[in-house]
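Student: Structure below; questions to follow.
What follows is calculated from the coordinates using simple rules that are stated; it is not laboratory data. Given the structure is predicted, the values throughout are model-derived calculations rather than measurements. Here the Cβ is made from the backbone with ideal geometry for all residues, glycine too, and neighbour counts use every protein chain on show.
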Amino acid sequence: GQQVQQSPASLVLQEGENAELQCNFSTSLNSMQWFYQRPGGSLVSLFYNPSGTKHSGRLTSTTVIKERRSSLHISSSQTTDSGTYLCALDNVGDNSKLIWGLGTSLVVNP
Amino acid sequence: AQTIHQWPVAEIKAVGSPLSLGCTIKGKSSPNLYWYWQATGGTLQQLFYSITVGQVESVVQLNLSASRPKDDQFILSTEKLLLSHSGFYLCAWSLNNYAEQFFGPGTRLTVL
């Protein structure tokens, strides 16, 4: 089965609302990387988070290895946050290969 | 600061024609390099990775080949394009194994 389960598949928010995106994993983790994929396709790295909590502006990433989950929290969402969010697991046993979630499609309405 | 450049930005090609996509990394010596492909509406698939000049490992071939002729250059190519090659091609780099990957702007390929 899918080694990285990303949820929700899609999410619609009103501007100003918060969002919580989740990735659950079933394999050994070296780190979880979170990306934002722009509508044109390019990828922006948001976090590289092996464990614990990291902050960047309105974004927070938390990885809890014991619970096999990593989350991305977006606070006070803006219309410009719309796009696809992807998590990718850096697997201990398979160097150089990321295991990708299927993505969360986020739409933030004004 | 490191920069990653991909060329061309977009390409429209005929089935059966050859293809060459390029990727260059500046500001980083001996990076790991990666090629990814994403079909329209699909998930990212890693195609190739390279740890050093002249060495390339295939992950998923898709009738494509890759080469690393220089430390800072990664080339994806095929002699005969298929319709199924259409999609978005991304190049990425990392410091080494088990490290954060940084992606280029991508090349959108349409095969007709």
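Student: With a 10 Å Cβ neighbour count serving as the proxy for reagent exposure, in which order, fewest first, do A:51, A:56 appear?
Tutor: Taking fewest neighbouring Cβ atoms as first place, the list is A:56, A:51.
Student: For residue A:18 paired with residue B:26, estimate the spin-label separation in nm (one decimal), with each label point 7 Å from Cα along the Cα-to-Cβ line.
Tutor: Those two pseudo-labels are separated by 4.2 nm.
Student: Here is a further query. Name the residue farthest towards the positive end of the dipole of the protein assembly as shown from the options A:32, A:64, B:14, assuming +1 on Cβ of Lys and Arg, -1 on Cβ of Asp and Glu, about the Cα centre.
Tutor: After comparing all options, I get B:14.
Student: From the P(r) of the stretch A:1-61, could you give the percentage of C-alpha pairs in the tail past 20 Å?
Tutor: 35 percent
Student: Any chance you could run the full-extension gain for residue B:55 through residue B:97? It's 0.36 nm times the residue separation minus the Cα-Cα distance, nm to one decimal.
Tutor: Computed gain between residue B:55 and residue B:97 is 13.6 nm.
Student: Is there a quick way to get the dipole size of the stretch A:1-86? I mean about its Cα centre, with the Cβ of Lys and Arg at +1 and of Asp and Glu at -1; what is the value in debye to the nearest 20?
Tutor: That gives the stretch A:1-86 a dipole magnitude of about 300 debye.
Student: Roughly how many nanometres apart are two label points built 7 Å out from the Cα toward the Cβ at residue A:107 and residue B:83?
Tutor: Spacing of the two 7 Å Cα→Cβ label points: 3.0 nm.
Student: Something else now. If you look at just the Cα atoms of the protein assembly as shown, how large are its Rg and its Dmax in Å?
Tutor: 17.6, 51
Student: I would also like to ask the following. Taking the Cβ of residue A:73 as the centre, find all other residues whose Cβ is under 15 Å away and add up their charges (Lys, Arg: +1; Asp, Glu: -1).
Tutor: The answer is 0.
Student: Right, next: Whole-Hz ³J(HN,Hα) for each residue in the stretch A:68-80, computed from phi via Karplus 6.51 cos²θ - 1.76 cosθ + 1.60 with θ = phi - 60°, x for glycine and proline: what do you get?
Tutor: With the stated coefficients, the stretch A:68-80 comes to 6, 8, 9, 10, 10, 10, 10, 9, 6, 4, 10, 4, 6 Hz.
Student: Using the count of nearby Cβ atoms within 10 Å as a rough guide to exposure, how do B:83, B:19 rank from fewest to most?
Tutor: So the ranking, lowest neighbour count to highest, is B:83, B:19.
Student: So how compact is chain B: Cα radius of gyration and Dmax in angstrom?
Tutor: 13.2, 39
Student: What is the Cα radius of gyration of the stretch A:54-110 over 2.2 N^0.38 Å, N being its residue count?
Tutor: 1.32
Student: What's the exposure ranking of A:99, A:74, B:51, going from fewest to most Cβ atoms within 10 Å?
Tutor: B:51, A:99, A:74
Student: Please check: in the Gaussian network model of chain B (C-alpha springs, under 10 Å), which one of B:97, B:63, B:32 has the largest mean-square fluctuation.
Tutor: Highest fluctuation of the listed residues: B:97.
Student: Ok, one more. Taking the Cα centre of chain B as origin and charging only Cβ (+1 Lys, Arg; -1 Asp, Glu), how large is the dipole, in debye to the nearest 20?
Tutor: Taking the Cα centre of chain B as origin, the dipole is about 160 debye.
Student: Can I ask one more? Show log10 I(q)/I(0) for the stretch A:36-85 at q = 0.18 Å⁻¹, two decimals, from a solvent-free Debye sum over equal Cα scatterers.
Tutor: Values returned for q = 0.18 Å⁻¹ are -0.62.
Student: In addition: With bins 10 Å wide starting at 0, give me the P(r) of chain A over every alpha carbon pair, in whole percents.
Tutor: 16, 49, 29, 6, 0
Student: Can you give the net charge of the other residues whose Cβ lies under 13 Å from the Cβ of residue B:38, counting K and R as +1 and D and E as -1?
Tutor: +2
Student: Just to confirm the filter: which GluC sites (Glu not before Pro) across the stretch A:1-105 are DSSP coil and have at most 12 other Cβ within 10 angstrom of their Cβ?
Tutor: Those satisfying the criteria are A:67.
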